[in-house]
Amino acid sequence: MSGDRALQVVVVDDSDDQRELLRTQFARAGCDVSTAVDSFEAERLVRAERFDIAVIDLLFPGVDGWAIAERIRELSPTTDIVIASVLDQSDYPKADGVLPKPFTGAEVKRLVSTLATRREGEAS
């Protein structure tokens, strides 16, 4: 975690099952987690709260996940963007991290640790 503070995470996924799985795994990794089902809810949350990490699925009905990622980046430039995807990690050079689907709890913990360490390095 970042110092003594739990990382604040927003999970954006239209699948109830995937959203709950991501919420559970990030909470087990010690994060405080909020969830959004679509771009409108994600934007509302990001405007209201400060998030360290946004975990975004790319496939949404009617909107591209990259559009959601770009909007979050505009509203909160310090939020790390993590793409949750079944595709190869090299497909997402603009992302701060990639969480391959399907993922394990160990992969989530490793990702959280990596991003927390990076944030602590940037803060010092």
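Values in this text are rule-based calculations from the coordinates and carry no lab data. Since this is a predicted model, take the numbers as computed values, not measurements. Backbone-built Cβ (ideal geometry, glycine too); neighbour counts: all protein chains shown.
Side notes on the structure shown:
- Annotation note: of Ala48, Ala67, Ala54, the sole residue that is at negative phi and surrounded by 19 or more Cβ atoms within 10 Å (Cβ to Cβ) is Ala54.
- Counting only residues that are hydrophobic (A, V, I, L, M, F, W, C) and closer than 23 Å to Glu122 by Cα, segment 57-76 holds 3 of them.
- Matching residues in segment 26-35 - criterion: being outside any helix (DSSP H, G or I) and out of contact with any Lys or Arg (no Cβ under 8 Å at 6 or more places or on another chain): Gly30, Cys31, Asp32, Ser34
- Answer residue from segment 36-87, given it is among the basic types (Lys, Arg) and touching a residue at least 24 places away in the same chain (Cβ under 8 Å) and is farthest from Val108 (Cα to Cα) among those: Arg47
- Residue within segment 87-95 that is surrounded by 14 or more Cβ atoms within 10 Å (Cβ to Cβ), out of contact with any helix residue (DSSP H, G or I) (no Cβ under 6 Å at 6 or more places or on another chain) and under 21 Å from Ala27 (Cβ atoms) present: no
- Residue match in segment 5-25 (condition: of a type in the set (Gly, Ala, Ser), free of Cβ contacts under 8 Å to residues at least 60 places away in the same chain and in a helix (DSSP H, G or I)): no
- Sole exception among (1) crowded, with 18+ Cβ neighbours inside 10 Å; (2) in contact (Cβ under 8 Å) with a residue 60 or more places away in the chain; (3) more than 13 Å from the chain's Cα centre (by Cα) for Arg28, by number: (1)
- Segment 1-33 - residue that is of a type in the set (Ser, Thr, Tyr) and out of contact with any helix residue (DSSP H, G or I) (no Cβ under 8 Å at 6 or more places or on another chain) and, of those, farthest from Phe51 (Cα to Cα): Ser15
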